[in-house]
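To start, the structure under review is shown below, and the notes come after it.
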Amino acid sequence: MRLPQSFEIVLSRADFVRLLPAAVGNDQFMDEGAVFRHEEQHRSWRIDFDSLPELMMGQLRLERHRLTFSFAGYSDAEIGDFMSRFEVNFRRGGG
C-alpha cells in the first residue's frame, strides 16, 4: 500500500457525500461513516474522513475534516489522475 496523502477540507459531510461520486470517477464505493472505500480485483482506494474542530469566524461556524487517502495497486500516474480529478471536483472559489 502506498503512503497516505492527507489534507483538510471545510465542507459538511452531506456536501462531501454529494460531491464524492464525480470526484472518484463514479467508482462504486462503500460509506462506512468515517471511511469511504472502493475495492476491485487487485486494487483499492480508501478515504479516511476525520472530523476536526469547527472553523469559527465570528458567529460563522464551518465544519472541518481531515481527509487521508490510501491506495493499493494503483500506479503513481493513476494516483495523480485520481487526486487531480478529486481536487477539481472539490475546488472552491473565494471572492
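Brief remarks on what is shown
- Looking only at the stretch 52-80, and only at residues there that are free of Cβ contacts under 8 Å to residues at least 24 places away in the same chain and in a strand (DSSP E or B), the one that is surrounded by the most Cβ atoms within 10 Å (Cβ to Cβ): Glu54
- Of residues in the stretch 36-58 being over 16 Å from Phe86 (Cα atoms) and among the hydrophobic types (A, V, I, L, M, F, W, C), the one nearest to the chain's Cα centre (by Cα): Leu52
- Residues (among the hydrophobic types (A, V, I, L, M, F, W, C) and farther than 20 Å from Ser12 by Cβ) located in the stretch 47-86: Phe71, Ala72, Ala77, Ile79, Phe82, Met83
- Matching residues in the stretch 63-95 - criterion: being among the hydrophobic types (A, V, I, L, M, F, W, C) and within 16 Å of Leu19 (Cβ to Cβ): Leu67, Phe69, Phe82, Met83, Phe86, Val88, Phe90
- Members of the stretch 13-28 found to be surrounded by 13 or more Cβ atoms within 10 Å (Cβ to Cβ) and over 12 Å from the mean Cα position of the chain (by Cα), listed by number: Asp27
- In the stretch 24-36, the residues that are on the phi < 0 side of the Ramachandran plot reach residues that are of a type in the set (A, V, I, L, M, F, W, C) and part of a loop (DSSP other than H, G, I, E, B) with C-beta atoms within less than 9 angstrom, at least six apart or across chains, in these pairs: Phe36/Val24; Phe36/Phe29.
- Inter-residue pairs, beta-carbon under 7 Å, first modelled with pLDDT of 90 or more and in the stretch 81-95, second part of a loop (DSSP other than H, G, I, E, B) and surrounded by fewer than 14 Cβ atoms within 10 Å (Cβ to Cβ), 6+ apart: Arg85/Gly25
- Of the residues examined, Asp31 is one that is loosely packed, with under 15 Cβ neighbours inside 10 Å and not small (Gly, Ala, Ser).
- Test: residue in the stretch 30-37 that is of a type outside the set (Lys, Arg), assigned to a helix (DSSP H, G or I) and within 19 Å of Ser6 (Cβ to Cβ): no
- Within the stretch 1-16, tally of residues that are at pLDDT below 90, part of a strand (DSSP E or B) and aliphatic (A, V, I, L, M): 0
The values are calculated or read from the model by the stated rules, or taken from the named source; none is laboratory data. Keep in mind that what you see is a predicted model, and the values were worked out from it rather than measured. Here Cβ is always computed from backbone atoms with ideal geometry, including for glycine, and neighbour counts include all displayed protein chains.
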